[in-house]
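The values are calculated or read from the model by the stated rules, or taken from the named source; none is laboratory data. Treat the numbers as computed from the prediction; the structure is a model and nothing was measured. FYI the Cβ positions are ideal-geometry reconstructions off the backbone, even for glycines, and counts take in every protein chain you see.
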Amino acid sequence: MISRRAIFAGIAAGFSPGGAAVVLRVSTGGVLRTEGPSTARNHAAAPGSAIKPWLLGALRPWLARPCTGRFRLGGRNLDCLHAPLAAPLDAGTALAASCNQWFAASALAAGPRAVFRRLLQCGANAVEARTPEELQLQALGLELVSISPLTLARAFRLLALEADPTVLAGLRRAVLEGTARAAAVEGAGVAGKTGTSRDGAWFAGFAPVSAPAVVVVVFQPAARGPSGAAPIAADLFQWAMRSGHL
């Protein structure tokens, strides 16, 4: 049997300097475990696409929207990484595929005040966008918004408790077929989302999707891409299973 100390050491070894993680109990919101220095757990950083599941609440009505794949904004290459899709994307597919075009267009339709208010509801640091470009970058978690790992974990706890079927299905598909595949754990039913920004790589999610018990958030400041934080999240979900929290 692997000891708890060995499990802890293995997970900690995967963190980059300044990396942090939080595990919450969904039922009470209590912190089950933290990794990384307290300053990193409380430090706010741009969340990238990890904020998209929370922002869905501000983007109603959820319309089907096309995606061409290519997307430039403010001189940045924000091309979508998902496979080409012939039909317009619904909200669940856009979340699962992390479609930048869908979220940017939906944010423009919703307006800056709706997006700003939604960000404030979860405790994120944000200012209201003043231009269409700023609004789109904010909706993608790249500008005018920052959040700490603990605050993002609390937001995902609320998503788990709300149990919106579109959000749950999109997050589950993100793990099964999208950018969060590295967070999958057999038998755990993980649902979650990755994100990358100038500040680092994120994973935020919960398990099991059918009856969420724990939330896991990982932030890796020196990492980039879908695999930057998701493998550590998988280790933490495995720890939750071995410890009887799942």
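Remarks
- Consider the stretch 37-57 and keep the residues that are more than 16 Å from the chain's Cα centre (by Cα) and farther than 15 Å from G123 by Cα. The one that is surrounded by the most Cβ atoms within 10 Å (Cβ to Cβ) is A40.
- For the stretch 31-88, the set of residues classified as farther than 15 Å from Q101 by Cβ, in a loop (DSSP other than H, G, I, E, B) and of a type in the set (D, E, K, R) consists of R60 only.
- Whichever residue in the stretch 173-219 is more than 13 Å from the chain's Cα centre (by Cα) and part of a strand (DSSP E or B) and, among such residues, is farthest from L63 (Cα to Cα): V214
- Leading residue by the ranking (surrounded by the most Cβ atoms within 10 Å (Cβ to Cβ)) among those in the stretch 127-144 that are closer than 18 Å to N77 by Cβ and of a type in the set (A, V, I, L, M): A139
- The condition (being farther than 22 Å from C99 by Cβ, surrounded by fewer than 24 Cβ atoms within 10 Å (Cβ to Cβ) and touching a Phe, Trp or Tyr at 6+ places or on another chain (Cβ under 6 Å)) is satisfied by just one residue among A222, A207, A240, A188: A188.
- Residues considered: G170, G141. Of these, the only one that is in a loop (DSSP other than H, G, I, E, B), of a type outside the set (A, V, I, L, M) and in contact with a helix residue (DSSP H, G or I) (Cβ under 9 Å, 6 or more places away or on another chain) is G141.
- Restricting attention to the stretch 58-102, the residues that are of a type in the set (F, W, Y), more than 18 Å from the chain's Cα centre (by Cα) and within 13 Å of Q136 (Cβ to Cβ) total 1.
- Once the stretch 38-70 is narrowed to residues that are touching a Cys at 6+ places or on another chain (Cβ under 6 Å) and over 29 Å from V215 (Cα atoms), the residue that is modelled with the highest pLDDT is C67.
- Those residues of the stretch 89-107 which are closer than 18 Å to G225 by Cβ and part of a helix (DSSP H, G or I), in sequence order: A96, A97, N100
For every residue, the table says whether it meets (1) acidic (D, E); (2) surrounded by fewer than 23 Cβ atoms within 10 Å (Cβ to Cβ); (3) within 26 Å of T34 (Cβ to Cβ); (4) touching a residue at least 24 places away in the same chain (Cβ under 8 Å).
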position	(1), (2), (3), (4)
A87	no, yes, no, no
A97	no, yes, no, yes
W102	no, no, no, yes
A110	no, yes, no, yes
I147	no, no, yes, yes
G170	no, no, no, yes
